Amino acid sequence: MSTELYILLLFLFLLFLAVFSLICLAFLTPWTKRVKSYFYTKRYPFTLYGISKTPFVGLFVEDLNTQKGFRRTEPEIYLSLIIPAFNEELRLPKMLDECLEYLNKRAENSDEFTFEKQKPFFPDVALNYSKQQNQNNPIYVLKLTENIGKGGSVRAGVLCARGRFILFSDADGATKFSDFSKLEKEMFSLCNGENEEKEKFNGESSIDWTHPALVVGSRAHLADEAIAKRSLLRTVLMLGFHAMVWLFTVRTVRDTQCGFKLFSRAAAAKLFSQQRIERWAFDVELIYLAERLNFSIAEVCVEWEEIDGSKLTPLVAGLQMGRDILLLCKKKGKGRPKTSDDESEISWRNVKDEIMSLEEEEVVNTFDPLPFADGQWNVHEYCRQINLTVVSQSVDRLDLSFDLIKVEAPIANALRRVLIAEVPTMAIEKVFLYQNTSCIQDEVLCHRLGLIPIYADPTKFAFPPATDPSKQQQINTDILDEEPAGDAKRNLIFNLHAVCPSSKDEKVKKKRSAAKSSDGSDLGDGCVREPGDSGNWVLYTSAFKWVPISSQRTQFSTDPPRMVHKDIILAKLRPGQEIEARCHCVNGIGRDHAKFSPVATATYRMLPQIKLKRKNFTDDQAKRLQSSFSSGVIGKDEKGRVYVRDARSDTSSRNIFMHDDLKDAVEMTKDKTHFICCD
């Protein structure tokens, strides 16, 4: 057997051994799991005199009203800089000199975080350096009690950041810090959708930090030079790692490991709350998550040079990175990360999939993405993301508006149908008509009475007895010639008796006419004379009188049953005409008959979203812009500048597309997973 064949077999054996070792390492050493309280726990700066009593203003704050139990905070400054440091007592001061020199020229506020991983004396390097600087550019030190890896340290720093934008930079100073302007320019383009350039960004910058965007510094243009300078082992490990990353995870970014990345606050809150990798490959996971969530991502070339100092052990770091990539690949195969019930989890949704765009002639992206399309369906994980928030409720509890979030249209429609067909109410089932001399036929009058909504708690009444086991209930199964006494546990009885007095009965006519108000708010006994000299009377639902059965008088003494609305017209009576009836009510659901439906209208609509693509409008354009939307949607401030005041109230008429000079200045969308429900 030739020497070349031996070498090939040895190489294949070593390759198999390496892959097997990575697989074993991946399954035997899973990722550290963080409970949700980890993300909003208060953290305190480390000073020369010990731990400060004033905590950091964190990225998250506890909020029990949200599904995750915490929410993102508002930024206080423009930029936060995160610098993880370990064994960097020689290189860190030089990096900080370059950093602060640039930031002072920019005249920007900045927060700088330095992390001590394992040994307690390393924070002194940053603390002594900070003492020499003025307080306009403070350096805050966050001391960690255990070595949680570079990724865990960066995340801990990000959780303490208060900037609109968060920059992560390695402590070795290998990347020229002034290249931050390149990342900033690209971030401005991603967030604002414009190529506008500014010489100076200040605290009032118009960059939209709520847009999820990530800008990655890249050394890909220096790859050939780096290969020439590195040893064979480092080169093999580097190429192997890049191959694994490209094959199994990230394909949009060529250089995932450059320690120079800029996040918008919205992107950082989403990504770092879902980060699992706490070692060297955390960069890959962040970019991978950003790709899955369809965040705006850009790669920018930066100046980089090899800096002498502390180095990682190639073989150990290579095994750790390979293990993390395999775990990340495993998570990708399952469609979602495998996490504990107490953790915040990555959403299965794609940001752009959730948005429906309203164009001039069409509506784009109307389909619903399949939940967990790349993995197994899990109803518990799906339900955990659903959020229902009551927006408003009328004093009489007859009108309700609520938001249903993180569901698809079929779910919202199913809820609407349940409200209409499955919620029990009381309704008139049998009418014992003793007298009807009005112009309305008996059967039409009885049908009209059956549709009147009744104010009564259906949970206090049993359903009619079922005679057919295959059906939930049977209501109209018997034909009665005589009025029954009624069952206190199943029935409500109302009496209706109205007589229109003759024209000769002036005393009664004047009495009843005087008892009625012009707006109909006080309908008295339910019979009101029509205006004019016709002599006709109008019969309203307030004419119904409740007849308690047995113990019902005591049971409902504080809130007696009645008609929901007292001003529904039942009939019009000529002088001398009379209606007398006894109405028996039963419990039922809308699926059996529409009269049992508790809601006259149960509707839902997607949450409208409106974005102005430019700021400057003439007075005429501003007026036309306001008139193109529903009242109150577009507002105008004291300086005459228009802004989106209340997009929620818009009816999505798309009238803006009638104006050629304005249609390109507005972006109209709808959130397909956020429904406004009203009944």
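Filtering the stretch 391-409 down to residues that are more than 14 Å from the chain's Cα centre (by Cα) and β-branched (Val, Ile, Thr), which residue is nearest to ILE454 (Cα to Cα)? Here the residue is VAL395. Residues that are crowded, with 20+ Cβ neighbours inside 10 Å number at least 1 in the following strands (runs of 3 or more DSSP E) confined to the stretch 540-639: 569-573, 578-588, 603-612, 634-636.
Among the conditions (1) crowded, with 16+ Cβ neighbours inside 10 Å; (2) at pLDDT below 85; (3) among the hydrophobic types (A, V, I, L, M, F, W, C), LEU480 misses just one, which is (1). Figure legend. Inter-residue proximity from the stretch 144-156: first residues among the basic types (Lys, Arg), second residues modelled with pLDDT of 80 or more, beta-carbon distance below 8 Å, spacing 6+ or different chains. Indicated pairs: LYS150/PRO84; LYS150/GLU278; LYS150/PHE282; ARG155/PHE272; ARG155/GLN275; ARG155/GLU278; ARG155/PHE282. Tallying residues that are more than 26 Å from GLU146 (Cβ to Cβ) and more than 17 Å from the chain's Cα centre (by Cα) within the stretch 257-286 yields 4.
Sub-8 Å Cβ pairs linking a first residue in the stretch 620-635 that is among the polar types (S, T, N, Q) to a second residue that is part of a helix (DSSP H, G or I) and surrounded by 12 or more Cβ atoms within 10 Å (Cβ to Cβ), at least 6 apart or interchain, are SER627/ASN655; SER628/ASN655; SER628/ILE656; SER628/MET658; SER630/SER649; SER631/SER649, ordered by first then second residue. In the stretch 405-429, the qualifying residues are those that are in contact with a helix residue (DSSP H, G or I) (Cβ under 9 Å, 6 or more places away or on another chain) and assigned to a strand (DSSP E or B), and the one that is surrounded by the most Cβ atoms within 10 Å (Cβ to Cβ) is ALA427. Take LEU358 and tell me if it is surrounded by 20 or more Cβ atoms within 10 Å (Cβ to Cβ), outside the structural domain of ASP179 (by TED's automatic domain parsing) and modelled with pLDDT of 85 or more. Against the criterion (surrounded by 20 or more Cβ atoms within 10 Å (Cβ to Cβ), outside the structural domain of ASP179 (by TED's automatic domain parsing) and modelled with pLDDT of 85 or more), LEU358 qualifies. Applying the criterion of being touching a residue at least 24 places away in the same chain (Cβ under 8 Å) and surrounded by 14 or more Cβ atoms within 10 Å (Cβ to Cβ) to the residues of the stretch 640-654, the residue that is farthest from GLU408 (Cα to Cα) is VAL642.
Does PHE402 qualify as being over 19 Å from VAL564 (Cβ atoms) and assigned to a loop (DSSP other than H, G, I, E, B)?
Spelling it out, it is not the case that PHE402 is over 19 Å from VAL564 (Cβ atoms) and assigned to a loop (DSSP other than H, G, I, E, B).
Scanning the stretch 363-397 for residues that are among the hydrophobic types (A, V, I, L, M, F, W, C), modelled with pLDDT of 80 or more and in a loop (DSSP other than H, G, I, E, B) turns up ILE386, VAL395.
Of everything in the stretch 8-46 that is at pLDDT 75 or above and either assigned to a helix (DSSP H, G or I) or touching a helix residue (DSSP H, G or I) at 6+ places or on another chain (Cβ under 6 Å) (or both), the residue that is farthest from ILE277 (Cα to Cα) is PHE46. Is there a residue in the stretch 517-524 that is part of a loop (DSSP other than H, G, I, E, B), modelled with pLDDT under 95 and closer than 30 Å to VAL633 by Cα? No, that holds for no residue.
At pLDDT 75 or above and surrounded by fewer than 20 Cβ atoms within 10 Å (Cβ to Cβ): is that true of LEU103 in this structure?
In short, yes.
Of all residues in the stretch 245-260, those satisfying the criterion of being surrounded by fewer than 21 Cβ atoms within 10 Å (Cβ to Cβ) and touching a residue at least 60 places away in the same chain (Cβ under 8 Å) are PHE248, GLY259.
Just wondering, is there one or more residues in the stretch 238-248 that are among the aliphatic types (A, V, I, L, M) and at pLDDT 80 or above? Taking every residue of the stretch 238-248 in turn, none turns out to be among the aliphatic types (A, V, I, L, M) and at pLDDT 80 or above. Could you say whether any residue in the stretch 531-548 is in contact with a strand residue (DSSP E or B) (Cβ under 8 Å, 6 or more places away or on another chain) and at pLDDT below 60? No; the residues of the stretch 531-548 include none that is in contact with a strand residue (DSSP E or B) (Cβ under 8 Å, 6 or more places away or on another chain) and at pLDDT below 60.
When GLU62, GLU74, GLU98 are checked against the criterion of being closer than 15 Å to ALA161 by Cα and modelled with pLDDT of 75 or more, GLU74 stands alone in meeting it. Would you confirm, using the coordinates I've provided, whether THR601 is modelled with pLDDT under 90, of a type in the set (S, T, N, Q) and more than 23 Å from ILE493 (Cα to Cα)? Taking the combined requirement at face value, the residue satisfies it.
The values are calculated or read from the model by the stated rules, or taken from the named source; none is laboratory data. Note that the structure is a prediction, hence the values are computed from the model and not measured. Please note: Cβ atoms are built from the backbone with ideal geometry, for glycine as well, and neighbour counts cover all protein chains shown.
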